[in-house]
1. Can you tell me which residue within the range 88-107, out of those that are touching a strand residue (DSSP E or B) at 6+ places or on another chain (Cβ under 6 Å) and over 14 Å from residue 136 (Cα atoms), is surrounded by the most Cβ atoms within 10 Å (Cβ to Cβ)?
2. Would you mind finding the one in 286, 299 that is assigned by TED's automatic domain parsing to the domain that holds residue 214, over 29 Å from residue 32 (Cβ atoms) and in contact (Cβ under 8 Å) with a residue 40 or more places away in the chain?
3. So which residues in the range 376-395 are in contact (Cβ under 8 Å) with a residue 12 or more places away in the chain and farther than 18 Å from residue 29 by Cα, if there are any at all?
4. Scanning for something modelled with pLDDT under 85 and crowded, with 19+ Cβ neighbours inside 10 Å, does the range 312-321 turn up at least one residue?
5. Please give the number of the condition residue 375 fails out of (1) closer than 25 Å to residue 236 by Cα; (2) under 22 Å from the mean Cα position of the chain (by Cα); (3) at pLDDT below 90; (4) not in a loop (DSSP other than H, G, I, E, B).
6. Could you tell me which numbered condition residue 253 fails, if it satisfies all but one of (1) under 19 Å from residue 32 (Cα atoms); (2) surrounded by fewer than 21 Cβ atoms within 10 Å (Cβ to Cβ)?
7. Restricting to the range 138-150, and then to whatever is part of a helix (DSSP H, G or I) and in contact with a strand residue (DSSP E or B) (Cβ under 9 Å, 6 or more places away or on another chain), can you tell me which residue is nearest to residue 94 (Cα to Cα)?
8. For residue 164, only one of the following conditions fails: (1) within 28 Å of residue 322 (Cα to Cα); (2) surrounded by 18 or more Cβ atoms within 10 Å (Cβ to Cβ); (3) touching a helix residue (DSSP H, G or I) at 6+ places or on another chain (Cβ under 9 Å). What is its number?
């Protein structure tokens, strides 16, 4: 079982509702889950493997005979924390109830011992058939969570019970079995993201390679857990997040000014932005000609996190980020002390790693000396791990 607690196998049955599972996959990722999609062979008539691979970022298999050396049905079963099968057809439900193992998904169901949730979708007549109802009852007795299908328009002109539920309803039900709660309701979370740029002239600047993906992932994660979220983003080419108070800035001084205006009322402050350490002493109002480009005199930018930490109130939690290429742990421990941080996420960016990527690897450092290694995982998953730690600090 994966230590992150957020590995999900999404099984997809051969129903027309398979296309709706694409949105379900995206919403699971928004919630910080890492998802491996296992479609039944027949379901590929509705949504192909290429779509699932593109959306999940992972290889997709449907049969036990694929990737034989990897023993896929055992590896996926051991790695998963939860199974979500959506949509589940009458045939798929019958095969699972009978304990059959005639494709990869049904093999996985037999090989795992983690919570399994099934979302049926079929015609009303098939849902109400005594055989289907008996199979559903059997699965529920075995501990499966079987969601009631929605009532509404079905394929063609028919209506009734059997419709694939709305994605939000599935996520809410899934959250009950994963224990994912809206544990940040009533809390204000302030996040910085991206990389600041310090202008040299109208076309040139001093900047860095930060994309802002981690900060946006943190904002999405905090929002999903019920927090009131403010995101101060510097030079990020990422769309605004609905429900998050967005503040777009360019320079370090602009970011500091915006953060100071929001800091005092915030319960958790997460400084994931990469702030330029220095800026030109003089900014040219006109483009500097190549022939005149000699040297640039620099001056230090304000230390944003140190400035904010000096005015922290009791009960606030402050989390910093450190991107290092050498002496990683020594530098990180010095930073957590000098900046008065509660937690710090350290990552190794040697050779340009991490920046712009959807995944990350590093360590979470606690001011009390604890170090939590972070194996490669999505930035969404890391966001939830950091918020878990922040909640612990909040008590």
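The values are calculated or read from the model by the stated rules, or taken from the named source; none is laboratory data. Because the structure is a prediction, the values reported are computed rather than measured. Glycine gets a Cβ as well: all are built from the backbone with ideal geometry, and neighbour counts include every protein chain shown.
1. 105
2. Unique residue meeting the criteria: 286.
3. 389, 390, 391, 393, 394
4. There is no residue in the range 312-321 that is modelled with pLDDT under 85 and crowded, with 19+ Cβ neighbours inside 10 Å.
5. (1)
6. Single failed check for residue 253: (1).
7. 139
8. Going through the list (1) within 28 Å of residue 322 (Cα to Cα); (2) surrounded by 18 or more Cβ atoms within 10 Å (Cβ to Cβ); (3) touching a helix residue (DSSP H, G or I) at 6+ places or on another chain (Cβ under 9 Å), residue 164 breaks only (1).
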